[in-house]
Amino acid sequence: MKRVTGIGGIFFKSKNPEKLYRWYEKNLGIEREPHGQGAAFRWRELKSREEGATAWAAFPKNTRYFRPSRAAFMINYRVANLDALLRALRKAGVWIDPKRDDSDYGRFAWIMDPEGNRIELWEPPRKRSRR
């Protein structure tokens, strides 16, 4: 089973996200999405030529989104089959957050690595066939 297929996002805490976004825009050219919630680095799969994006976002320093981790960052990994991966991780004894999120953006689950870093797992939404 193919587990991780790429990086879905890089999220980090900031004392002042708005100021930090402006610094990255000015100095590195990383422009925010129109909704203002971070940037998206767009790319294509080599074989399938399917389009994708890697999210990049600063969160307020006091965000609860990374809990129970105390780390100042969280990596989002793109996965091919979230349910199968969670079964394999559970069998391996990995801590899995009982929370799930299914949305238009895809399906999400969270785990912790042995050093207490929260990891977000994301299965992108399936492409709908055109008729």
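A few points about this structure:
- Verdict on ARG107 being of a type outside the set (A, V, I, L, M, F, W, C), closer than 30 Å to GLU25 by Cα and in contact with a helix residue (DSSP H, G or I) (Cβ under 9 Å, 6 or more places away or on another chain): yes
- The range 78-99, subset surrounded by 12 or more Cβ atoms within 10 Å (Cβ to Cβ) and touching a Phe, Trp or Tyr at 6+ places or on another chain (Cβ under 7 Å), residue nearest to GLY52 (Cα to Cα): ARG78
- Contact annotation: residue pairs with Cβ atoms under 9 Å, 6 or more positions apart or on different chains, pairing a residue in the range 1-23 that is assigned to a helix (DSSP H, G or I) with a partner that is modelled with pLDDT of 95 or more and of a type in the set (Ser, Thr, Tyr), are LEU20/SER14; TYR21/SER14.
- Residues of the range 93-127 that turn out to be outside any strand (DSSP E or B) and aromatic (Phe, Trp, Tyr), as a count: 2
- Boolean, PHE66 is in a loop (DSSP other than H, G, I, E, B), among the hydrophobic types (A, V, I, L, M, F, W, C) and either within 12 Å of the chain's Cα centre (by Cα) or surrounded by 15 or more Cβ atoms within 10 Å (Cβ to Cβ) (or both): yes
- Residues that are surrounded by fewer than 16 Cβ atoms within 10 Å (Cβ to Cβ), not in a loop (DSSP other than H, G, I, E, B) and not charged (D, E, K, R), drawn from the range 25-46: ASN27, LEU28, PHE41, TRP43
- Consider the range 47-61 and keep the residues that are in contact (Cβ under 8 Å) with a residue 40 or more places away in the chain and over 18 Å from LEU28 (Cβ atoms). The one that is surrounded by the most Cβ atoms within 10 Å (Cβ to Cβ) is PHE59.
- Within the range 73-92, if we keep just the residues that are in contact (Cβ under 8 Å) with a residue 60 or more places away in the chain and assigned to a loop (DSSP other than H, G, I, E, B), the residue that is nearest to GLY6 (Cα to Cα) turns out to be ALA80.
The values are calculated or read from the model by the stated rules, or taken from the named source; none is laboratory data. What you see is a predicted model; the values in this text were computed from it and never measured. Counting neighbours? That spans all protein chains shown, and the Cβs are built from the backbone with ideal geometry, glycine included.
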